[in-house]
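One structure below.
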Amino acid sequence: MKKFSLGLILLLASTTANADGINCGLSLPCSDVIYDPSGTRVAALTDEIEPSLTIPVGMPVDELRIYLFTEAGSGTGPDAIVSDLVQAGIVANSLNFVSFINPDPMFSPVSAAEARFLNTNSNFKFTVVEETGTPQSLTDFNSNLAYTFASDVETISTTGVPGPIAGAGLPGLIFAGGVLLALARRRRQIA
């Protein structure tokens, strides 16, 4: 019985979390992170849960500018694989960030993404950037814009560290305590 209860406690206590604190929930690493001018993370995207979001940036942005982020190693040419895009949001003074799970045939390669947007408005301008996993400037929207975008951050820091019991804070602790109490009662009944 002691082996069983010790094994259960070790199992519950062995969950992991990201050491860098970048986690989108449900233990999924974020694929992309948006930082404000002070370098503080203001939002994160994960392909599986939150593939798109709009962030207010507090200043006018070029509504005809589109950033296309390409997969690391694929370059920035017309055949490069597009993994993320950033464009002016529908709301004034905001940016819309979009992350793709797999290359979306409507937006990848670069030539397909450009053609799709140019079909709706021939005045769109594109900034094609190869992702690095580190924060990259978005100043083509506005030269004073200090927000940055880090694409594919899960590739640079996914070190696991011990997390809380059952990965659920107080509910996990209550559950573990209840299990120990039940085991103690059962042990007394057997003896």
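What follows draws every value from the coordinates through simple rules; no lab data is involved. What you see is a predicted model; the values in this text were computed from it and never measured. All Cβ positions, glycine included, derive from the backbone under ideal geometry; neighbour counts span all protein chains shown.
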query: Counting other C-beta atoms within 10 Å, which of SER122, SER94 has the fewest, and how do the rest follow?
result: SER122, SER94
message: Just want the ordering: ASP79, ASP32, ASP140, from fewest to most Cβ atoms lying within 10 Å of their own Cβ.
response: ASP79, ASP140, ASP32
- prompt: Using θ = phi - 60° and the Karplus curve 6.51 cos²θ - 1.76 cosθ + 1.60, what whole-Hz ³J(HN,Hα) does each residue of region 128-142 get, with Gly and Pro shown as x?
  reply: 9, 10, 7, 5, 10, x, 10, x, 10, 5, 10, 5, 5, 6, 6
message: Give me THR139, THR120 sorted ascending by neighbouring Cβ count inside 10 Å, so fewest comes first.
response: THR120, THR139
message: Skipping prolines and chain starts, which residues have an amide H placed within reach, meaning under 5 Å, of the one on PHE69, given they are 5 or more residues away or on another chain?
response: SER83, ASP84, LEU85, VAL86, VAL129
Computed lengthening from ASN96 to THR120, 0.36 nm per intervening residue step minus Cα-Cα distance: 6.9 nm
